[in-house]
Amino acid sequence: MSQKMWGGRFGDGPDDIMEEINASIGFDKQLAHQDVAGSMAHCQMLMDTGILSQEDGKAILNGLNQIEKEISDGTFTFSRALEDIHMNIEARLSDIIGPAGGRLHTARSRNDQVATDFKLYIRDTIDHLHQQIQNLQTILAQTALNHAETLMPGFTHLQIAQPVSYGHHLLAYVEMLERDIGRLQDARARLNQSPLGAAALAGTSFPIDRHQTAKTLGFDKPTDNSIDSVSDRDFVLETLSAGAICMTHLSRLAEEIVVFASSPFGFFILPDAFSTGSSIMPQKRNPDAAELIRAKTGNLIGHLTALLVVMKGLPLAYSKDMQEDKKGTFEALDNLSLCLAAMSGMMQVMEINAEAMASRAQEGFSTATDLADWLVRVGNVPFREAHHITGQIVQLAETKACRLDELSLESMQEVDTRITADIFDVLSINSSVASRTSHGGTAPENVKAAAQLWLEKLNKA
């Protein structure tokens, strides 16, 4: 008897080209564990509802347990001739237990089977990514606590703007990553309905119990519409979208590693384990891991775009186009996991040059805003006028090629007589950063408190 699931309808075997374009086992074998889990839940339900005899059901479950062990041990043979993971497992089951293996597919279709497998895979992946993101958050929060009083230049437009705490800078990424977790968990909550039992698209005439299989597989409930059940890939698109945003955040941090480790900045000292040398220039230390994270972001965004294009024109219900949902998704989410691991590794061992950071934080007249704020607060000057006065003083410092705190009081009073010696209390980068005590500000006391709260939260997670 043919092992082709459609073998009874077609007389001739598939052309080699058709087999090449149709086969998916090369990538959907990643669903092997999920396929076995779904099959076991389906088999048990068939037994409990009397659709399948206890004898055949127990034989199937024993066979599936053996297959699961073979997959885990790496001894399972995946055959391209059998097209996909579902037929590979079903064929192996029949090899082990005989014709009874063919009864497993009662009251289900590959359409609801693959949708179930894929949801289980995405759910497992989200849980893994959640743990990885929290690990990176913990590393960043601990580093932030250790460097709450380490100062660096804050930038807008990549121009020195105001001095900030390095710890505060890192906590910005902790916040981003928390939103990434939120998006992934939202996607997980929405996907957690079981398609199993929707069959090809119309449901089944067998008296199945979809609530039982949903509960067994950890879903909240079965899906409510059989057509939507087999044609929905929103859960993949939403996960890839959340993943693309997360990768964008990793890419921004990677870009800063590349920039800040360069000789014009010298803020970061690249760890040997995450950098490479040059084949011709022995002095080079290249930030290859960070650069690859930056590049792989495009990979994930590309796979999201590709799946959106696949889905945009499909009528209900299932079309073979949807086989293209997996390969790119597997690669995209594997890359996200890899990049999270690489970023955690880098940030765990990254050394910083605090002296270089502080030195650059004093450049670019970074405390000019503090001077303007002092004029408003102490001199009772309207802010727009204070802004203008500060601009004149900055111009004066540029002419003298010195920092604002290196100007003499007399020089500043030539611009505005309301300036007193108290102005020097706010012109150092330390006093500037310490003064930013508003909620969410960069003052070291704020940073220490925020980092501590994050660490407590992450330790409880």
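The values are calculated or read from the model by the stated rules, or taken from the named source; none is laboratory data. Here the structure is a predicted model, which means the values were calculated and not measured. Heads up, the Cβs are rebuilt from the backbone with ideal geometry, glycines too, and the neighbour counts pull from every protein chain shown. Just so you know, the surface numbers come from the protein's heavy atoms only, side chains and all, with ligands and any DNA or RNA stripped out. Shrake-Rupley method; radii C 1.70, N 1.55, O 1.52, S 1.80 Å.
Of note:
- For the range 16-106, the solvent-accessible area of protein heavy atoms averages 45 Å² per residue (probe radius 1.4 Å; ligands and nucleic acids excluded).
- Neighbourhood net charge (14 Å Cβ-Cβ; Lys/Arg +1, Asp/Glu -1) for Ser337: -4
- Within straight-line reach of Lys312, meaning a Cα separation under 19 Å, sit the following lysines at least 8 residues removed in sequence or on another chain: Lys320, Lys326, Lys327.
- For the range 219-341, the C-alpha radius of gyration sits at 1.44 times the compact-globule guess of 2.2 N^0.38 Å, with N the residue count.
- Anchor Lys457: lysines whose Cα lies under 23 Å away (excluding residues fewer than 8 positions away in-chain): Lys448
- The range 137-227, accessible area per residue, ligands and nucleic acids excluded (1.4 Å, Å²): 45 Å²
- Convex hull volume of the range 16-106 per residue (C-alpha atoms, cubic angstrom): 89 Å³
- Value in Å of the Kirkwood radius, where the range 91-219 supplies the Cα pairs that are averaged: 18.8 Å
- Radius 12 Å from Cβ of His303, net charge of other residues (Lys, Arg +1; Asp, Glu -1): -1
- Once the gyration tensor of the Cα atoms in the range 324-415 is diagonalised, the equivalent ellipsoid follows with semi-axes of 48, 19, 11 Å, ordered largest first.
- Fraction of the pair-distance distribution of the chain above 40 Å, Cα-Cα pairs, percent: 41 percent
- Contour minus Cα-Cα distance for Glu406 and Ala295 (0.36 nm per residue): 35.6 nm
- Residue-averaged 222 nm ellipticity for the chain, from DSSP H runs of 4+ at -39500 (n - 2.57), nearest 500: -20000 deg cm²/dmol
- Residue-count net charge about Leu375 - beta-carbon cut-off 14 Å; Lys, Arg +1, Asp, Glu -1: -3
- The equivalent ellipsoid that matches the C-alpha gyration tensor of the range 365-443 spans semi-axes of 20, 15, 11 angstrom, in descending order.
- Rg over Rh [alpha-carbon atoms, Kirkwood Rh] for the range 111-360: 1.10
- For the chain, with +1 on Lys and Arg beta carbons and -1 on Asp and Glu, the positive-most of Gln185, Ser229, His147 along the dipole: Ser229
- Portion, in percent, of the accessible area of the chain that falls on carbon or sulfur, probe 1.4 Å: 51 percent
- The range 169-242: C-alpha pair distances exceeding 20 Å, %: 44 percent
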